[in-house]
Amino acid sequence: MKLGNLSTFALNNNLRLQFSRMQHSLVDAQKEVVTGRKADVGYSLGAFSSSTVTIENQISSIEQTKVTNSFVENRLSTMQLSMNAMIDDANEFISLVIAEVGGPRDKDLLSAGGQSTLAKFAGALNVSLGGEYLFSGINSDSEAIYDYQGASGSAAKTAVQNAFLTEFGFAVSDPLAASITPAAMKAFVDGAYADLFNDANWDLLWTGSSDRGMRSKISTRELVENPTTANVGAFRNFTAASVLMVEFSIGNLNPSALDEVGNLSVELMAQSIGEIATEQSKVGVIEERVSSATERLEFQKNVLATQMSLLTDVDSYEAASRLNQIVAGIEASYAATVKVQSLSILNFI
């Protein structure tokens with residue numbers, strides 16, 4: 001029988017190759033123990049690895065939509081808070097005017113009340129989030145309502161004063177204003193003054209908002225539109241009621257005509273409160289749709305995550321046991337390598 005050549009080099013080389021394979025297996029085993037997932041999904045699943053890519057893309061899309069939904073929910077909740085503030089301010093305004101009509105008729109107080117209410121209303125309607133005006137619809141970079149007392153509202157202020165001048169032939173500050181009857185004042189408010197808040201004049205003088213609200217995709221098949229912008233009647237009536245007090249409470253109207261202005265402003269403001277409540281309910285419906293869509297997305301994500309787990313996850317106990325076996329094998333390899341390296345022909349001469 002013929003024996004092949006045997007050398008310590010051959011033994012060392014064989015041990016080196018085995019040790020290299022075990023080191024690679026050790027890295028994979030450690031990764032699986034730490035992550036709970038297969039170290040190389042493509043190698044493990046082969047042709048089925050495309051399924052994991054599809055599932056991961058679907059989960060990523062769901063996560064992105066959920067982030068979008070959280071932004072939508074923040075916008076809607078902020079709008080609800082703003083409308084709550086408007087209603088509170090409107091009730092305070094009504095209480096102030098009612099207390100003055102037919103009684104003290106403190107013109108300075110009425111004018112200040114109108115200015116304060118209008119300023120707070122503008123602050124609430126011009127609320128922004130992330131640099132977007134929430135009540136401006138798709139014109140989110142434009143103010144929902146202009147500052148009546150500032151430069152942006154100068155056109156509206158001039159239009160109101162000119163409408164009065166055209167109607168009566170003199171300004172409200174003119175002594176002749178004392179001759180205006182309550183009926184004449186009501187005709188003006190219901191006619192020329194009301195026309196200042198029609199669609200054309202509202203867009204021209206008062207707001208930079210659009211009729212169309214912002215649209216958002218809240219699920220794979222569902223698109224919602226914000227139902228409320230500054231162009232709805234609720235906010236026009238609020239503005240009209242406030243401006244009546246700002247412009248016509250400090251002029252020379254006689255007490256009866258001033259009382260008529262107060263009564264008309266209260267009517268407009270009361271109407272506005274009811275309309276704002278209606279807008280809140282519309283926003284509430286969209287909030288519910290967004291919340292329901294987010295819940296459905298979370299359920300879909302969980303289902304997909306379960307499918308992914310079945311494809312990519314490893315048995316933690318099996319992975320730990322395999323890691324221990326590999327570590328034991330490497331330690332044995334170290335011991336064998338030491339033995340082989342200590343072999344020398346010189347020991348046998």
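For the reader, a short list of remarks on this structure follows.
- Cross-chain or 6+ apart pairs with Cβ under 6 Å, segment 170-186 first and outside any loop (DSSP other than H, G, I, E, B), then among the hydroxyl-bearing types (Ser, Thr, Tyr): Pro182/Ser256
- Check on Leu81, within 27 Å of Gly274 (Cβ to Cβ) and crowded, with 21+ Cβ neighbours inside 10 Å: no
- Every pair of residues 6+ apart whose Cβ atoms lie under 8 Å, when the first sits in segment 95-110 and is within 15 Å of Ala257 (Cβ to Cβ) while the second is outside any helix (DSSP H, G or I) and among the aliphatic types (A, V, I, L, M): Lys107/Ile250; Leu110/Ile250
- Among the residues of segment 88-123, those that are of a type outside the set (A, V, I, L, M, F, W, C) and assigned to a loop (DSSP other than H, G, I, E, B) comprise Gly102, Gly103, Pro104, Arg105, Asp106.
- Of all residues in segment 202-232, those satisfying the criterion of being surrounded by fewer than 16 Cβ atoms within 10 Å (Cβ to Cβ) and more than 21 Å from the chain's Cα centre (by Cα) are Asp203, Leu204.
- Residue within segment 7-18 that is among the charged types (D, E, K, R) and modelled with pLDDT of 60 or more present: no
- Summed over segment 189-230, residues that are over 19 Å from Val160 (Cβ atoms), of a type outside the set (D, E, K, R) and in a loop (DSSP other than H, G, I, E, B) total 11.
- Taken over segment 255-306, the criterion of being among the hydroxyl-bearing types (Ser, Thr, Tyr) and farther than 20 Å from Glu73 by Cβ is satisfied by Ser256, Ser265, Ser272, Thr278, Thr306.
- Some residue of segment 311-321 being modelled with pLDDT of 95 or more and not in a helix (DSSP H, G or I): no
- As a summary of the residue check, Val283 satisfies the conditions (1) surrounded by 16 or more Cβ atoms within 10 Å (Cβ to Cβ); (2) at pLDDT below 95; (3) assigned to a helix (DSSP H, G or I) except for the one numbered (2).
- Any chance Lys120 is surrounded by 15 or more Cβ atoms within 10 Å (Cβ to Cβ), assigned by TED's automatic domain parsing to the domain that holds Asn231, more than 27 Å from Asp199 (Cα to Cα) and not aromatic (Phe, Trp, Tyr): no
- Candidates are the residues of segment 52-67 that are of a type in the set (D, E, K, R) and over 11 Å from Thr294 (Cβ atoms); the one that is nearest to the chain's Cα centre (by Cα) is Glu63.
The values are calculated or read from the model by the stated rules, or taken from the named source; none is laboratory data. Just so it is clear, the model here is predicted, and its values are computed rather than measured. Glycine also receives a Cβ, built like all others from the backbone with ideal geometry; neighbour counts cover every protein chain displayed.
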